[in-house]
Amino acid sequence: MNNPKKDLLGIENLSDSEIYQYLDAADKFTEVLERPIPIVPSLRGKTILTLFFEPSTRTQLSFSIAAKRLSADVVNFSQATSSVSKGETLLDTAKNIEAMKVDGVIVRHSAPGAAKYLAERLDAFVINAGDGSHEHPTQALLDLMTMKQYFGAFKNLNVLIVGDIAHSRVARSNIFGLKTLGAQVAICAPPTLIPLEIEKCGADVYSNLDSIIGKFDVIMVLRIQLERQEGGLFPSTREYRTLYGLTRERVGKMKTDSIIMHPGPTNRGVEIDPDVADSNKSVILQQVKNGVAIRMAILFIHAGGKIE
């Protein structure tokens, strides 16, 4: 196994071989998770801290389970009960983490660059679990893992990302990863939800979903962040569903062997209809399952785990 960078801060600067290093390791841990006792001693004696300054259910839980499956000790940080609520700065938090001698830190923060800020100040490895609207590399890696399971390769794979691209760290990380691995990527959203200069990322841009949906192997639907509605970025959730929601009728226009993905949480009846989310084209639960395996791989690689 190649020596990894100390930290995983984003997908943008990873090579194809570095991405495949995570995916290949995750394949091995998928086998571990299918055992009657899905635990290995690879990280016994290591301590992992989950440091979440924003609410999270799936990502924090997935990392905690992944660490425990590797026999690591896990400490979960809650901002509500921490000194941050009393005015402690991120630098103060970093110094306290360093004093506690943890081996790895999983951080989510509303500020872009927060993970990098900590990584530059800690000897422990840092994994970015989402920093503002910047990147969410572990979500992208589990998405890439899921696509690889269904299609085997990325060359000539056509992926469409639909939804709030402007505020989505998931979209950015997926675009970077897919382009690095040779896939073709497009986005579709109302003009108010498309970031400026997105074409520089190598993604084609569309605004009419019905005219293009039949061209793609993967339709990745993003959560419409209802809190953005207060800013008037689209007229109403009802109109959004009419123009961009993944309905049964739109699914009927998709390629026969195409799949539907969603990073969660879903707003059922807005960006995706309930019967579509639960259909045989949906791989949403497979994404959740892969989340544990890919995060086991990430922790194993960055903690210098040993296969026993």
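The values are calculated or read from the model by the stated rules, or taken from the named source; none is laboratory data. Bear in mind the structure is a predicted one, so any value in this text is a computation, not a measurement. We place every Cβ from the backbone using ideal geometry, glycine too, and count neighbours over all the protein chains shown.
Table for the structure above
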read-out	value
Selected residue (criterion: surrounded by the most Cβ atoms within 10 Å (Cβ to Cβ)) from residues of the stretch 200-212 that are among the hydrophobic types (A, V, I, L, M, F, W, C) and within 23 Å of the chain's Cα centre (by Cα)	A203
Residue match in the stretch 292-299 (condition: free of Cβ contacts under 8 Å to residues at least 60 places away in the same chain and either part of a helix (DSSP H, G or I) or over 20 Å from the mean Cα position of the chain (by Cα) (or both))	no
Hey, P41 at pLDDT below 95, at negative phi, part of a loop (DSSP other than H, G, I, E, B) and not small (G, A, S) or not	no
Boolean, A186 is touching a residue at least 12 places away in the same chain (Cβ under 8 Å), closer than 25 Å to A115 by Cβ and not in a loop (DSSP other than H, G, I, E, B)	no
Within the stretch 90-113, considering residues that are closer than 25 Å to R44 by Cβ and charged (D, E, K, R), the one modelled with the highest pLDDT	D103
Within the stretch 108-124, tally of residues that are of a type in the set (D, E, K, R) and touching a Gly at 6+ places or on another chain (Cβ under 7 Å)	1
Members of the stretch 263-291 found to be free of Cβ contacts under 8 Å to residues at least 40 places away in the same chain, under 21 Å from the mean Cα position of the chain (by Cα) and not in a helix (DSSP H, G or I), listed by number	R268, D278, K281, S282
Selected residue [modelled with pLDDT of 95 or more, aliphatic (A, V, I, L, M) and in the same structural domain as Q184 (by TED's automatic domain parsing)] from L226, L233, L209	L209
Check on F216, modelled with pLDDT of 90 or more, surrounded by 15 or more Cβ atoms within 10 Å (Cβ to Cβ) and over 30 Å from I39 (Cβ atoms)	yes
Matching residues in the stretch 20-35 - criterion: being in contact with a helix residue (DSSP H, G or I) (Cβ under 6 Å, 6 or more places away or on another chain) and either of a type in the set (G, A, S) or within 23 Å of E135 (Cα to Cα) (or both)	Y22, L23, A25, A26
Boolean, K116 is at pLDDT 85 or above, outside the structural domain of R169 (by TED's automatic domain parsing) and charged (D, E, K, R)	yes
Residues (touching a strand residue (DSSP E or B) at 6+ places or on another chain (Cβ under 9 Å) and assigned to a helix (DSSP H, G or I)) located in the stretch 13-29	Y22
Helices (runs of 4 or more DSSP H) lying entirely in the stretch 75-179 (those with 2 or more residues that are in contact with a Cys (Cβ under 6 Å, 6 or more places away or on another chain) and touching a residue at least 40 places away in the same chain (Cβ under 8 Å))	none
The stretch 147-191, subset β-branched (V, I, T) and either under 26 Å from R241 (Cα atoms) or buried (at least 23 other Cβ atoms within 10 Å of the Cβ) (or both), residue nearest to the chain's Cα centre (by Cα)	V170
The stretch 126-179, residues that are at positive phi, at pLDDT 95 or above and in contact with a strand residue (DSSP E or B) (Cβ under 7 Å, 6 or more places away or on another chain)	G130
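Conditions tested, residue by residue: (1) of a type in the set (D, E); (2) within 30 Å of A189 (Cα to Cα); (3) touching a helix residue (DSSP H, G or I) at 6+ places or on another chain (Cβ under 6 Å).
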position	(1), (2), (3)
S62	no, yes, yes
T93	no, no, no
G132	no, yes, no
L142	no, yes, yes
G152	no, yes, no
V170	no, yes, yes
